[in-house]
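Take a look at the structure set out below.
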Amino acid sequence: MKIKWYGQACFKITAENGTGIIMDPYHDMLGYKLPPLTAEIVTTSHEHKDHNNAEAIGGEVKHIKETGEFFEAGIAIKGIETFHDKLSGAQKGKNTVYCFGIDGLKVCHLGDLGHLLTPQQMKEIGRVDILFLPVGGTYTLDAADAAEVMKQLKPKIVIPMHYRTKALGVPGMIFGKVESFVKIAKVEAKKEKVLEVDLKDIERKAGIVILDYK
């Protein structure tokens, strides 16, 4: 599969069979600008505008925004209820974690997760090979809590998201830097423009992978 980051929590995964999956596409409001994209599947973790612009994605798109189990375009998908804060959603509402079975690998996008996972949530998520993990704090997990969630799920590859970048300008100061997470996690970090990974080489590519949003 190929994985490309478009900023904030938006990624596109292209499976070996060409199926495109886009997670949490945003409205142009943060300094990032979403390019024209097409896909077969779009998931949105919650209804904040920096995560819910499914209408921007072209093609014959299946939009999934609920919890439950789904099977679309050869991809098994599971949506699991979590929360955007540490108070069971009382401050910022609910958040859906999505897990995907793609090319024999288990991929998990945590959306705007705002708390450590419960044993039940960890059981529902199960094995994780590739984890998309918010690390910037304020609206999501901060660096320390993100490192704890990483320990809870034990993924082979961690891709940080939802942190401060140059594209965000001054408003981005509310988010922490990805370097803070890397330092606390104490795991080797590599930088890639696009991550290409499959079942055969995932062990070799294990660690934190920081993707370029440009």
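The values are calculated or read from the model by the stated rules, or taken from the named source; none is laboratory data. Given the structure is predicted, the values throughout are model-derived calculations rather than measurements. A quick note on method: Cβ atoms are made from the backbone with ideal geometry, for glycine too, and the neighbour counts reach across all protein chains shown.
Would you mention how many residues in segment 97-126 are under 22 Å from Thr19 (Cα atoms), surrounded by 14 or more Cβ atoms within 10 Å (Cβ to Cβ) and not aromatic (Phe, Trp, Tyr)?
In the first step, residues of segment 97-126 are kept if they are under 22 Å from Thr19 (Cα atoms); the result is 97-111.
Then keep just the ones that are surrounded by 14 or more Cβ atoms within 10 Å (Cβ to Cβ); that gives 97-103, 105-111.
Keeping just the survivors that are not aromatic (Phe, Trp, Tyr) gives 97, 99, 101-103, 105-111.
So the answer is 12.
Restricting to segment 159-214, count the residues that are among the aromatic types (Phe, Trp, Tyr) and in contact with a Leu (Cβ under 9 Å, 6 or more places away or on another chain). Talk me through it step by step, then tell me what you get.
First pass over segment 159-214, keeping only residues among the aromatic types (Phe, Trp, Tyr): 163, 175, 181, 213.
Imposing the further condition that a residue be in contact with a Leu (Cβ under 9 Å, 6 or more places away or on another chain) reduces the set to 175, 181.
Looking only at that region, the number is 2.
Please find, among Gly59, Gly68, the residue that is free of Cβ contacts under 8 Å to residues at least 12 places away in the same chain, in contact with a strand residue (DSSP E or B) (Cβ under 9 Å, 6 or more places away or on another chain) and on the phi > 0 side of the Ramachandran plot.
Numbers: Gly59 fails: free of Cβ contacts under 8 Å to residues at least 12 places away in the same chain.
That would be Gly68, the only listed residue that is free of Cβ contacts under 8 Å to residues at least 12 places away in the same chain, in contact with a strand residue (DSSP E or B) (Cβ under 9 Å, 6 or more places away or on another chain) and on the phi > 0 side of the Ramachandran plot.
Checking each residue in segment 7-33 for being out of contact with any Pro (no Cβ under 6 Å at 6 or more places or on another chain), closer than 22 Å to Leu133 by Cβ and assigned to a loop (DSSP other than H, G, I, E, B) picks out Gly7, Gln8, Ala9, Ala15, Asp24, Pro25, Tyr26, Leu30, Gly31, Tyr32.
Residues in segment 1-56 that are of a type in the set (Ser, Thr, Tyr), in contact with a helix residue (DSSP H, G or I) (Cβ under 7 Å, 6 or more places away or on another chain) and closer than 20 Å to Lys191 by Cβ: Tyr32 only.
Listed here are the residues, each with its yes/no results for (1) under 18 Å from Phe175 (Cα atoms); (2) modelled with pLDDT of 95 or more; (3) touching a helix residue (DSSP H, G or I) at 6+ places or on another chain (Cβ under 8 Å).
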{"residue": "Ala73", "(1), (2), (3)": "no, no, no"}
{"residue": "Leu113", "(1), (2), (3)": "yes, yes, yes"}
{"residue": "Leu131", "(1), (2), (3)": "no, yes, yes"}
{"residue": "Ala143", "(1), (2), (3)": "yes, yes, yes"}
{"residue": "Met150", "(1), (2), (3)": "no, yes, yes"}
{"residue": "Lys156", "(1), (2), (3)": "no, yes, no"}
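Scanning segment 71-105 for residues that are free of Cβ contacts under 8 Å to residues at least 40 places away in the same chain and assigned to a loop (DSSP other than H, G, I, E, B) yields Asp85, Lys86, Leu87, Ser88, Gly89, Ala90, Gln91.
Restricting segment 33-54 to residues that are of a type in the set (Ser, Thr, Tyr) and either without any contact (Cβ under 8 Å) to a residue 12 or more places away in the chain or buried (at least 18 other Cβ atoms within 10 Å of the Cβ) (or both), which is farthest from Tyr139 (Cα to Cα)? Explain how you work it out, then say what you get.
Restricting attention to segment 33-54, the residues satisfying the condition of being of a type in the set (Ser, Thr, Tyr) are 38, 43-45.
Filter once more, keeping what is either without any contact (Cβ under 8 Å) to a residue 12 or more places away in the chain or buried (at least 18 other Cβ atoms within 10 Å of the Cβ) (or both): 43-45.
Working: Thr43: 19, Thr44: 16, Ser45: 14 Å.
Here the residue is Thr43.
Scanning segment 138-149 for residues that are among the small types (Gly, Ala, Ser), under 12 Å from Pro160 (Cα atoms) and surrounded by fewer than 24 Cβ atoms within 10 Å (Cβ to Cβ) yields Ala143, Ala147. Test His27 against the stated conditions and say whether it is within 29 Å of Asp142 (Cα to Cα), in contact (Cβ under 8 Å) with a residue 24 or more places away in the chain and surrounded by fewer than 18 Cβ atoms within 10 Å (Cβ to Cβ). Taking the combined requirement at face value, the residue satisfies it.
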